[in-house]
Amino acid sequence: MSALFRAGTLGILGGGQLAQMLALAALPLGVRVVVLEPDPQAPARGCAEHIQAPYTDAAGLERLSQCDAVTLEFENVPLSALAQLEGRVPVRPAASLLVRSKHRAREKEALHEAGAGTAPYALINTEADLPGALERVGRHGVLKTAELGYDGKGQVRVAAQADLDPAWTELGRVPCVLEGWVHFAREVSLGVARTAGGELAFGGLIENVHRAGVLRLSVYLPGDPAEAQARELARRVAERWQLEGLMTLEFFELPGGELLVNEVAPRVHNSGHLTQDGGGVSQFEAQVRAALGWPLHDFAPKLPCAMVNILGWVEGQEPDWQAILKLEGARLHLYGKAHKPGRKLGHVNLVAHDEATLWAQLSRLEMLIP
Ligand code: AMP
């Protein structure tokens, strides 16, 4: 019996919405998913075997080590958990890649080594690093914790050198990276998958709009002129970092068209959710295939499409669910999480045969999700 026909098992460290959507993509391929996740209400629990235990739990890791491969859905998994798995089961992406991508300073250094540009930056590890730091990166900057930041958390804007010390105090005086503020024309992202054998596949170039540091909206239009540059940068980084699995690069596009890498997520990404409904292979299926070492192909959508995130709302701002369900081309995806203002609870994908229809439907959709 061929390897594909024999039902495989994929382990995932983490059981949030990304694991839920990975599991939903794995099922039709005959792949069962096991997630290791301490949260009893984990979104993936409805469609995967859920081991409810800490990420470092010996019995939980033992169960994962029996899978055909292990992947992850967030970068802050303890490296000790990966160390316990490596050598027993293919871990994709590997700890060596995670060590780079989970630490902003190491990530930037490794991006430069791979030939990809970033915003100018300075390391703030001790008090001695503060004097003159802003000057070295530009007139304005943003101080970010080197680790554990996401969705704009762990970040403080710095408008003058005198603001830097208080900003560092606000972040707990932990190791930080001071980035020069980039006056970007737009933010875009692109996924890349790679097998251990070196086969590569790319997602399409997606444009992203943030609101208060959190992704609000993503749009994919076929034929973006910046796509070739993004693919080339993604290829360089994937090959230099010996990627096995899937990662997503977030870019700032400068007014002249040059792309700088903002950050790298070693996994599927919120901006790629629109691949679920845009036709073709989704980013989730691409990560499943790459983790299992199966044949890949590009996972750009076939049609113009968009995604709007649904965050936990404040009183009077609840999305209009009935109207969303009635909107032509819209598909609702919910994660089964408890409501909390600002929390990512779901998203709506929108797909259309042409760009004009996409924009028209998107303006309607945006009114339904305040
Ligand atoms: P991050 O969590 O680092 O991706 O930051 C969240 C968002 O803040 C980004 O998507 C940008 O919209 C904005 N941002 C972060 N760093 C910078 C920067 N150096 N220059 C301009 N905007 C930034």
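The values are calculated or read from the model by the stated rules, or taken from the named source; none is laboratory data. Note that the structure is predicted; figures quoted are calculated from it, not measured. Quick reminder, even Gly has a Cβ in these numbers, built from the backbone with ideal geometry, and neighbours come from all protein chains shown.
Miscellaneous remarks
- Per-region count, segment 166-200, residues closer than 30 Å to residue 285 by Cβ, within 16 Å of the ligand (Cβ to nearest atom), crowded, with 24+ Cβ neighbours inside 10 Å and not aliphatic (A, V, I, L, M): 2
- Looking across segment 314-345, the residues that are crowded, with 16+ Cβ neighbours inside 10 Å and either more than 16 Å from residue 275 (Cβ to Cβ) or among the aliphatic types (A, V, I, L, M) (or both) come down to 319, 324, 327, 330, 335, 337, 344, 345.
- Residues of segment 94-122 that are at pLDDT below 95 and over 20 Å from the mean Cα position of the chain (by Cα): none at all.
- Single match in 360, 290, 352 (criterion: touching a strand residue (DSSP E or B) at 6+ places or on another chain (Cβ under 7 Å) and either crowded, with 19+ Cβ neighbours inside 10 Å or more than 24 Å from residue 43 (Cα to Cα) (or both)): 290
- Note on segment 4-59: residues that are within 23 Å of residue 274 (Cα to Cα) and of a type in the set (Phe, Trp, Tyr) total 0.
- Qualifying helices (runs of 4 or more DSSP H) (wholly inside segment 59-120; at least 3 residues being under 20 Å from residue 250 (Cβ atoms)): 95-101, 104-113
- Within segment 5-54, being in a loop (DSSP other than H, G, I, E, B), farther than 14 Å from residue 73 by Cβ and in contact with a Leu (Cβ under 8 Å, 6 or more places away or on another chain) holds for 30, 53.
- Qualifying residue in segment 167-179 (condition: more than 30 Å from residue 278 (Cα to Cα) and in contact with an Asp or Glu (Cβ under 6 Å, 6 or more places away or on another chain)): no
- With respect to the stated conditions, residue 267 fails to be at pLDDT 95 or above, basic (Lys, Arg), buried (at least 18 other Cβ atoms within 10 Å of the Cβ) and more than 16 Å from the ligand (Cβ to nearest atom).
- Selected residue (criterion: farthest from residue 283 (Cα to Cα)) from residues of segment 201-225 that are within 13 Å of the ligand (Cβ to nearest atom) and assigned to a loop (DSSP other than H, G, I, E, B): 212
- Hits in segment 130-169 (condition: assigned to a helix (DSSP H, G or I) and in contact with a Cys (Cβ under 9 Å, 6 or more places away or on another chain)): 167, 168
- The single condition from (1) over 22 Å from residue 219 (Cα atoms); (2) part of a helix (DSSP H, G or I) that residue 324 fails is (1).
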